[in-house]
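Report on one structure; see the data block that follows.
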Amino acid sequence: MFKKPIIVFEGIEGSGKTLHINYLAKYLKKRKVKFIKLREPGGNKGSEKIRKLILNNKSNLHKVTDLLLYLAARNENLENLIKKNYGKKLILLDRFIDSTVAYQHYGMGIDYQFINLINNFLIKNIKISVTFLNLVSPKNLRLRLSKRKNLNRYDKFNIDFYKKIQNGYIKILNKKKNKYVVIDSNKPISENKEKIIAEVDKLLK
């Protein structure tokens, strides 16, 4: 059904999503599958500039300003990379629209309808094939963040905030069961890698 799918990796900090998307990228290279890989915020030159502003530890932005910057970075990727490659190459995304709902709505309390309105305006007819939601326990979250050498602004929230976001992701999951695959990041990495590869192989058949 999806020969050139859009595959999204979601999850809070320390959940392993970036590790797994990088592993999947290596796997696709071995299989000689054409793809592009983007992260949010970031991706192209304009989006990376916005990323630096959002995640800078010296930034003290209002939560709505944060939201609009995330959406601006997303639009840069959509207009310059995603729309041009949609249906032509497999697209890997390290975070996408559900991150905005989880963090800015469930985490920060910004109106869902407002977020959804802009997201829908930006993405239009682009469809996500599957989302891998990486879940992590508070214990492992603390451990993994403690090992990071450089912490950005979004790595420094309290544990209760991350719990709220992860619960938000689960609420999103319950509305989109057919497009979500849960990855328990407390399990061995090798086991999760196999699960992800098996799901992606289904999409590529």
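Of note:
- Net charge, residue 171 excluded, C-beta distance under 11 Å - Lys, Arg +1, Asp, Glu -1: +2
- For the range 72-174, the number of Lys pairs separated by eight or more positions or lying on different chains, with C-alpha atoms closer than 22 Å, is 19.
- Placing one equal scatterer on every Cα of the range 6-204 and applying the Debye formula, the log10 ratio I(q)/I(0) at q = 0.08, 0.14 Å⁻¹ is -0.25, -0.82.
- Highest mean packing first, where packing is the average number of other Cβ atoms within 10 Å per residue, the peptides 50-59, 32-41 line up as 32-41, 50-59.
- For trypsin sites (Lys or Arg not before Pro), the sites in the range 141-171 that DSSP calls loop and that have at most 14 other Cβ atoms within 10 Å are 147, 148, 149, 156.
- Length released on extending from residue 57 to residue 88, taking residue separation times 0.36 nm less the Cα-Cα span: 7.4 nm
- Evaluated at q = 0.17 Å⁻¹: base-10 log I(q)/I(0), Debye formula over Cα of the range 164-205: -0.59
- Added length on full extension, which subtracts the Cα-Cα distance from 0.36 nm per residue, residue 146 to residue 18: 44.4 nm
- The chain - percent relative contact order, Cα under 8 Å, separation 6 or more: 35 percent
- Virtual spin-label span in nm between residue 156 and residue 199, 7 Å along Cα→Cβ: 3.3 nm
- Computed helical MRE - 222 nm, the chain, DSSP H runs ≥ 4 contributing -39500 (n - 2.57), nearest 500: -15000 deg cm²/dmol
- Fully extended contour minus Cα-Cα distance, from residue 114 to residue 68, at 0.36 nm per residue: 15.5 nm
Read-outs: derived from the displayed coordinates by stated rules, not from any lab. Quick caveat, the model's predicted, so the values are computed rather than measured. Don't worry about glycine lacking a Cβ; one is built from the backbone with ideal geometry, like all the others, and counts go over all protein chains shown.
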